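Laboratory data are not the source of any read-out in this text; all were calculated from the coordinates shown. Nothing here was measured: the structure is a model prediction, and the numbers come from that model. We place every Cβ from the backbone using ideal geometry, glycine too, and count neighbours over all the protein chains shown.
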Amino acid sequence: MPHSHSGCQSPRDYFTEQLLSILVCGAIGFVAIQLYINDMLKHIIAPIFHVPVLIGGIGALVLVAIRAVTVWREAGALVPANDPTCQQNHVHTAACNHVPGLPGAVDPNAPPEEDHGHSHDMSWVFARMLILAFPVALFAMGIPNSGFSKDYQDKMLRGEKALNMDPEALKKLARDPSSKRVAFADGSLERNVDGVGVERLYEAPNGFKIREVTPPGGDEKTAKYVLEPGEDTVMTFNELNDAAFDADKRRAYSGKTAKMEGRFKRLGDKEFTLFRMKMTCCGPDAVMLKVRIVTPQAINNFNDHDWVRIRGVIQFMKPPGSDRYTPVLQLPDITDVQHAELKNEYEF
């Protein structure tokens, strides 16, 4: 049976519920739009869902506006409870007492026998409003404002061990019989290693360019060896982690120079983990993507969880006790790791 609030009844509970619903739903729509405008959605959901959230927020405000006009008109059509037409409202006939105390009720103290499947019980209204207002309260506190906590990230990184790379590895590569020597005016040599016989060291058939620098009056014993970077390529964590499981991709990427950004986690004086979170749909499904970074000099002035930018030569190695390859970037110089401004915690 249709239910109307335009007849004779006590309007307090009904209109309180309606006004609270309008207020809270309007606030939710406003918050959805603000999350999009302030780029806060990147902390909780993937970019593909950002526009739908904006559209949903606008739609919620439109519906709230329509409902507000409807309730305003409904309030203007109310009839006083002592009006003679009160008995004409189907809700309050002699057989219906779900609003006790109105004229014509059988027994004002009797429990309701029929509610037409409709109720404005305020004890549940406020409970519903508190639940609906929860995301609004979080937004008022500035949440979401970041990704996973440092403690949670440290827990995911637990068990990471340094690779302890052989300090003579570059020398071995440079002395490979297949290397081609190129002399420079400063007395240094560039050795181009084409990869023949190199797979046993780094699985790098693309080869490396290695600069051999001998100080004045020195000899091969005092020579220093550093990787010579090539043309920079912006790489994603996902690309390198996928390549670690594919021999063809490992061969394709090894020896290239990559530029990447992520969070810093120290593993040793000359080694750290660069990591970032990958979000497919939303925050709870995020996983950690990692790349090992090896530097020629000791790392100073960097703290765990700093956001850094690095530039290094791609390699793939098997960590101690593991039979799987992991992506490794060896930096030509310590200056190739720099502090950077955080852009986005996640990689999508």
Two-site FRET efficiency, Asn38 against Asn164, from Cβ-Cβ distance with R₀ of 45 Å, rounded to 0.05: 0.50
Two-site FRET efficiency, Thr280 against Leu19, from Cβ-Cβ distance with R₀ of 45 Å, rounded to 0.05: 0.65
Stretch gain in nm, segment Leu157-Arg266, where the contour uses 0.36 nm per residue and the Cα spacing is subtracted: 38.2 nm
Span per principal axis, largest first, for the Cα atoms of segment 20-82 (Å): 57, 15, 14
FRET efficiency for Lys318 and Ala298, using Cβ-Cβ distance with R0 set to 22 Å, rounded to 0.05: 0.35
Burial order of peptide ranges 323-329, 339-345 (average beta-carbon count within 10 Å, highest first): 323-329, 339-345
Pairs of alpha carbons in segment 273-348 whose separation is greater than 15 Å (percent): 62
Among the listed pairs Lys270/Lys343; Lys42/Lys270; Lys155/Lys318; Lys209/Lys343; Lys265/Lys318; Lys171/Lys343, those beyond 30 Å (Cα-Cα): Lys42/Lys270; Lys209/Lys343; Lys171/Lys343
